[in-house]
Amino acid sequence: MSDLHDMARPHWEMPVYEQKVLTNGVKFNYYDCDVCVSVSGGIDSALLLYNVALHSPRKIHVYTLANNDLILKNVVAATAVVNKVRELTDNPNIYHTVMHMPGSKPNGGEVIGYRMREHYGKDLEVCYMGVTQNPPLEVMETWNVDNWSHPYRDNTTAEFEVLPNVGKIYMPWTNVHKRHISAIYRSQGILETLFPVTYSCEWYAKDGNDPGMKHCENCWWCEERYWGFNRYV
């Protein structure tokens, strides 16, 4: 019999070690156990890792799923984010793993969450994921982008989500969008330090004119970044 059942055991009732209330009343939980943080190199997961690293008393396992279609740009960005968070928080207990797999990086908490569980094993107790709400529809409809299709983000109303074969994922940003995230960056004084090393662009080779590690300023994700922060870098 496979270990999938064991990997999804409901051993998530860990006591909250500490809880902070951030800007806009966003509550952020810390747990007195080893944790895993999914870090893509983007704005949301960078802020997630920063806040975990500020107060977590145990090991922080950072997990990045490589995106081959993006020529692994997310790996470059995620590594920069991890290095910057280490510098800003002086937390030595951050361990970064990059998982390479065939094809492009899948979207959605279920797939990424399962991959984290698969890699770290059934004893991993808490997984953090930086899922946010999309901007309001009336805002997105004004964007003139090459590809308007916006990402499907799993349940963006619940602080926790129970995923098949994964268990519980803690997602403290589920009830906020990029402008709320921007306010937290500003209130925590990391807009000029952490934000510039993040990378939101979803440029693909088929689009031509590779912008390198700059933002293409034409895709949906670049529009969302600019809408939230009024800047790309």
Q) Of all residues in region 55-73, which are closer than 23 Å to Tyr170 by Cβ and open to solvent by 30 Å² or more (accessible area, probe 1.4 Å)? A) His55, Pro57, Arg58, Lys59, His61
Q. In this structure, does Tyr226 turn out to be modelled with pLDDT of 95 or more and surrounded by fewer than 21 Cβ atoms within 10 Å (Cβ to Cβ)?
A. yes
Q | Among the residues listed as Val52, Val76, the single one being within 25 Å of His177 (Cα to Cα) and surrounded by fewer than 18 Cβ atoms within 10 Å (Cβ to Cβ) | A | Val76
(Q) Among the residues of region 190-220, what is the count of those that are free of Cβ contacts under 8 Å to residues at least 40 places away in the same chain and either open to solvent by less than 60 Å² (accessible area, probe 1.4 Å) or touching a helix residue (DSSP H, G or I) at 6+ places or on another chain (Cβ under 8 Å) (or both)? (A) 8
**Q.** Filtered residues of region 134-188 (kept if at pLDDT 80 or above and of a type in the set (Phe, Trp, Tyr))
**A.** Trp143, Tyr170, Trp173, Tyr185
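The values are calculated or read from the model by the stated rules, or taken from the named source; none is laboratory data. No experiment lies behind these values; they were computed from the predicted model shown. Reconstructed Cβ throughout: ideal geometry from the backbone, glycine too, with neighbour counts over all protein chains shown. The protein model used for the area step is the full one, side chains on, heavy atoms only, and it has no ligands, DNA or RNA in it. Shrake-Rupley method; radii C 1.70, N 1.55, O 1.52, S 1.80 Å.
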